[in-house]
Each structure stands twice: as C-alpha cells, then as structure tokens.
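Since every read-out is calculated from the coordinates, none of them should be taken as a lab result. In this text the structure is predicted, and so the values were computed from the model without any measurement. Because the Cβ atoms are built from the backbone with ideal geometry, glycine has one as well, and the counts that use them run over all protein chains shown.
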Amino acid sequence: MSAMTTTEAKLTRDEMAQLVAADIPAGAFVNLGIGQPTNVSNYLTKEQGVTLHTENGMLGMGPVATGEDIDPDLINAGKIPVTQLPGASFFHHADSFAMMRGGHLDVCVLGAFQISKDGDLANWHTGAEGAIPAVGGAMDLAIGAKATWVMMSLFTKDGESKLVETLSYPVTGLGCVSRIYTEVAVFELRDAKVFVRSTHGISFEELAAKVPVELTQA
Amino acid sequence: MAPRIATSAADAVAEITDGATVLIGGFGNAGQPMELIDALLDCGAKDLTVVNNNAGQADAGLALLIKERRVKKIICSFPRQSDSWHFDEAYRAGEIELELVPQGNLAERIRAAGAGIGGFFTPTGYGTLLAEGKETRVIDGKGYVLETPIHADFALIKALKADTLGNLVYRKTARNFGPIMATAAKSAIVQVDEVVQAGSIDPENVITPGIFVDTVVELGGQK
C-alpha cells in the first residue's frame, strides 16, 4: 500500500508554507532562507516552540518589525527590520556559521534553481554570461543544517523540471537536500531514491512523465 | 596598552595609507562604521583591499569608496544587491577585483587570522566553483576545502560602547563581524556612541576584550 496522498488542486505558496511549517519538529532550531521560505514563519505555532536563527547573528528572531519597533540594529539576513522574542540571543558571525556548519541547526529551508536526484542543490548562481555572482550564506546553509529542505515551483517558466538527473547550474552543495516542497508534489530524497510523498493537482503518472528522474511512490 | 582615544573619525583613520587591507564591519547597514568609512574616503588612501560582507549599498559608505575607485580588490560574500550599482559598474568595467567567499568561510577566515590559525578544512563550498584550485581533502568520508586566514592592516568597526581600556559592547545584530574583525587586524579602529570609564562595563558583559582594540573614537549615537 502506498502512503502517498493526493489533493485535487495545486498548492498555493501559502499552502506550501503551511505544509513546511507543519513538518518542522517541535522545539527545532530553524533557519528560513530569504524569499519564499521566510513565509513559513507565518504558520509556525506557539506550541511548536521553534526557535528561528538568522545568520547575521541572532537566535529567537520574532516577526518583521513595524512602526516604532523598527530598529536599524535589529535586522534579518534579508536586511529587513525584525523583532526579538523573549530568550533571544545575539552572537558574532563566526559563531553564527559555526551553528550551521557544526550541525546545530535542525532544519533549514531554502529556495532553488535546480536539485538533482542525489540531492545536489543549485541556488546561488545562474552561471549566465555577465552575471555578477553573489553567494552569501547559501553554501554554508545548504551543507550545515541536519536537514535541508527546499521550497520551489517544480517547473521553470518554459515548463522544464527543476528536479533533474544532473545539475546544469553551478553547485551550491552536494547531496544535501532531503525534501522538496513544490506546488504539485512533495518529494523525499533518501536511500538513493526520489519518493513522492504527495501530489497536488496532478496524478503520479502525469508527474512521472514530466520529471526526468525516476520517481517512487512513498 | 590602553587604546588611543582619537579626537575625530579623521584622526582615527589617519594612519591608513595606500595599498592597505581594511576589514570593514557591518551586515547591510547594521554595524557599518559609516563615519569611519567617510573619513577613509576623505583621507585619500587608495588601492585598498577591502573585506566586508557586501560591496556597498546605495550612495553611502563603502559604495562611495568603490565609486571613487579607491578599492582595488574586494573580498566579500554578497556583492550583488538591488542597490549595489557602484560596485556593479566598477566590476563590469574591470576596475575592481572580486574575491567571492561563502559567508561562513569569510567569517572563519577572519576568525582564523585573529586566532593564529594557518588554515582550516571546511565543508562549505566543497564541489563548487568557489573551491576551484583549492586543496581538498576527504576526512571521515566527507569532503572539505582548505581555506586560509584573512589578515588585515586595519579593521573599521562600529560598537555601542567602549571603556577607556577598549573593552567593547555591541548592540543587537549590529555585532555581526565586529568581534572577529577586531582580532584579525594589526590595528583595530572602533567607532562607538559612547566611551565610558574603565570599570563601568561589567566584565561579564564585555564582548570584545580591549586587548584587540587599538583606537577608539566617540561619535555619539542617535539613541
């Protein structure tokens, strides 16, 4: 019996964020990447007791600051003013990245350009001629957390699958991604296989026809 | 030795000369020592190698140093931003050299310099373009890249408060690169909102011990 689940409609971005949030274990230390992953914080519950890490030097990050709470010395990795929660701590950059590299963070959630079936991640550079490269903390995050999850749309604007056999974009980290949340399916990468945990607005067969890697129903 | 208490930002940076390697603190604008950078701009030093997380934002601070072509090389992790137009222009014109380093490696290379470490093997960047040409090693089945320390002549740092012995306290996420940069430069120059008497900062709360600090300038703060 397959444990794979199916819903009729594609997931919205908010529903994807909700799904990721629900999967984060209680009490986890988590880093949410810039962009879509940041949205996950909106769906974490107080009961989950998740502590958010921001690589510019804080644990216990609260929601985005507004009005009088805006403090230029209190920002997140996207350089957006945020708030601090009770029990927060500040630390310098070397400590902050030791938390990642040293495997102290439980989960990080990132965006991606491409992911290979082996969990290789590309999300820092398109490799395009004339593009100015910037990497920030992407490579540290990718390989540092105990679990690296990706949120992305499964297909490019041209309809090509971003889940691929081998990366054509420059690598961010090798074999680091263990789960991928997309609008049409959630994938789990383990035991050298790509399992489909759920499909959304698409059948497993249709999905398998559009994605150029071998898929297995979870 | 107690640090020199400079009389102005200009006085604080007066020893920085052409060709110097300068660590500049800050992540975005948080912790960026704007007044010291402005003073560096005014003092005319050129052919600088600058180490910062970014490559300047908008039309202030480090961005202006780059605009004026005073930076021959920048070592950073995230140069390209929506408002990094001065860097973008200099880079496309081939008028600035870029050494791109993953952020955690950048921090650890600075920390290593300050801690007397000759190099370290890091998993970050292994198998990527940024490890090309670097020594690698597989340790217990995991791939690592050899990274070397980043030593500097000067560090420009912003802290909240210093005492007369140079002990520093920072403020929130403005701390970022300050503590490690202070250790990695031959001369650490720190701008603070306030200089207080030795003994008025609880030793338990000192973040950067004064041994790492060479020059302090009190500039007052907005708060």
GluC sites (Glu not before Pro) restricted to DSSP loop in the range A:1-84 with at most 13 other C-beta within 10 Å:
A:8
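What FRET efficiency would be calculated for the residue pair residue A:206, residue A:126, taking the C-beta separation as r and a Förster radius of 30 Å, to the nearest 0.05? Could you put the intermediate results ahead of the total?
Details: r = 28 Å, r/R0 = 0.94.
E between residue A:206 and residue A:126, to the nearest 0.05, is 0.60.
Please list, by residue number, every one of the GluC sites (Glu not before Pro) in the range B:82-152 that is coil in DSSP and has at most 13 other beta-carbon atoms within 10 Å.
Numbers: sites: B:89, B:95, B:97, B:99, B:108, B:132, B:135, B:147; in loops: B:95, B:132, B:135.
Qualifying residues, ordered by number: B:95, B:132, B:135.
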Treating cross-link reach as a plain straight distance, find the lysines whose alpha-carbon is under 25 Å from the alpha-carbon of residue A:157, omitting any fewer than eight places away in the same chain.
A:10, A:117, A:210
When a/c is below 1.5 the answer is rounded, else prolate if a/b is larger than b/c, else oblate, so apply that to the range B:13-83 with a ≥ b ≥ c taken from the square roots of the Cα gyration tensor eigenvalues.
prolate
Can you flag which of B:46/B:158; B:46/B:161; A:162/B:134; A:146/B:67; B:73/B:172; A:46/B:161 are past 32 Å Cα-Cα?
A:146/B:67; A:46/B:161
Between helix A:13-23 and chain A, what is the angle of the helix's C-alpha long axis to the longest principal axis, kept within 0 to 90° and rounded to the nearest 10?
80
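Once you order the gyration tensor axes a ≥ b ≥ c over the Cα atoms, which shape class does the range A:134-218 get: rounded for a/c under 1.5, otherwise prolate or oblate by comparing a/b with b/c?
prolate
Over all directions, what mean area does the Cα convex hull of the protein assembly as shown project, stated in square nanometres? Show your work: numbers first, answer last.
Values: hull surface 90.0 nm².
Orientation-averaged projected area of the Cα hull: 22.5 nm².
Kirkwood-based Rg over Rh for chain B (C-alpha set), two decimals? Could the numbers behind the result be given before it?
On the way: Rg = 17.5 Å, Rh = 17.8 Å.
In chain B, Rg relative to Rh is 0.98.
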Rg and Dmax of the range B:124-214 over Cα atoms: what are they, in angstrom?
17.7, 53
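Mind checking the range A:116-218 for trypsin sites (Lys or Arg not before Pro) that DSSP puts in a loop (not H, G, I, E or B) and that have at most 12 other Cβ atoms within 10 Å?
Numbers: sites: A:117, A:146, A:157, A:162, A:179, A:190, A:193, A:197, A:210; in loops: A:117, A:146, A:157, A:162.
Sparse-neighbourhood loop trypsin sites (Lys or Arg not before Pro): A:157.
Considering all alpha-carbon pairs of the range A:31-146, what whole percent are spaced by more than 25 angstrom?
Numbers: 1690 of 6670 pairs.
Distances greater than 25 Å cover 25 percent of the Cα pairs.
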Per-residue ellipticity at 222 nm for chain B, helices alone: DSSP H runs ≥ 4 residues times -39500 (n - 2.57), over residue total, nearest 500 deg cm²/dmol?
-6000 deg cm²/dmol
Taking square-rooted eigenvalues a ≥ b ≥ c of the alpha carbon gyration tensor, is the range A:125-172 rounded, prolate or oblate, where a/c under 1.5 means rounded and, failing that, a/b exceeding b/c means prolate?
oblate
For chain B, longest principal axis from Cα atoms; helix B:103-115 axis from its Cα atoms; angle between them, nearest 10 degrees, is 60
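At a 10 Å Cβ-Cβ cut-off, how would you order B:92, B:111, fewest neighbours first?
On the way: B:92 11, B:111 25.
By the 10 Å Cβ count, ascending: B:92, B:111.
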Rounded to the nearest 500, the 222 nm mean residue ellipticity computed for chain A from DSSP H runs (n ≥ 4, each -39500 (n - 2.57)) alone is -4500 deg cm²/dmol
What is the gain in length, in nm to one decimal, between residue B:95 and residue B:82 on full extension, counting 0.36 nm per residue of separation less the C-alpha to C-alpha distance?
2.7 nm
